[in-house]
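This report concerns only the one structure given below.
Only the coordinates and a few stated rules stand behind these numbers; no lab work does. Keep in mind that what you see is a predicted model, and the values were worked out from it rather than measured. Because the Cβ atoms are built from the backbone with ideal geometry, glycine has one as well, and the counts that use them run over all protein chains shown.
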Amino acid sequence: MLKHIIVTGVIGSVLAVSGMAQADDKAKKIYDTKCIACHAAGVAGAPKLDDKAAWAPRLAGGIDALVASAKKGKNAMPPMGTCMECSDEEMRAVIEYMTSAVK
């Protein structure tokens, strides 16, 4: 019985990690196709992917504020960036992807 519980726990952990990896892959793909044009070069003040100083004040308000800001647009960034088809979950995932490098 204990062996069954351990095996079930291991399988559950592997599936959870696999699901997280797929979510990260999707967020990276969205970044690479929708966000990179501005965020890689810092176009019109967009914070670069790995610029900790640029992201710090934005992160101070929390991830929910960043998601809300991205959804409605800010400064030169149009609403939803360039990902009009992104769901709220996808928008959150790509923002978490972009900010993960600077946390």
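Annotation for segment 90-97: at least one member residue is part of a helix (DSSP H, G or I), touching a residue at least 12 places away in the same chain (Cβ under 8 Å) and touching a Leu at 6+ places or on another chain (Cβ under 6 Å).
On inspection, residue 101 passes the criterion of being under 21 Å from residue 29 (Cα atoms) and in contact with a helix residue (DSSP H, G or I) (Cβ under 9 Å, 6 or more places away or on another chain).
Of all positions in segment 39-50, none carries a residue that is of a type outside the set (A, V, I, L, M, F, W, C), closer than 14 Å to residue 80 by Cα and surrounded by fewer than 15 Cβ atoms within 10 Å (Cβ to Cβ).
Entry remark, segment 77-103: residues being basic (Lys, Arg) and surrounded by fewer than 18 Cβ atoms within 10 Å (Cβ to Cβ) number 1 in total. Are any of the residues in segment 30-39 touching an Asp or Glu at 6+ places or on another chain (Cβ under 8 Å) and assigned to a helix (DSSP H, G or I)? Checked segment 30-39: at least one residue is touching an Asp or Glu at 6+ places or on another chain (Cβ under 8 Å) and assigned to a helix (DSSP H, G or I). Sort out which residues of segment 48-81 are touching a residue at least 24 places away in the same chain (Cβ under 8 Å), in a loop (DSSP other than H, G, I, E, B) and under 14 Å from residue 95 (Cβ atoms), and write them in order of number. 49, 81, listed by residue number. So which residues in segment 58-76 are loosely packed, with under 11 Cβ neighbours inside 10 Å and within 15 Å of residue 96 (Cα to Cα), if there are any at all? 60, 62, 64, listed by residue number. Does segment 29-48 include one or more residues that are closer than 15 Å to residue 96 by Cα and touching a Phe, Trp or Tyr at 6+ places or on another chain (Cβ under 6 Å)? Yes, the conditions are met somewhere in segment 29-48.
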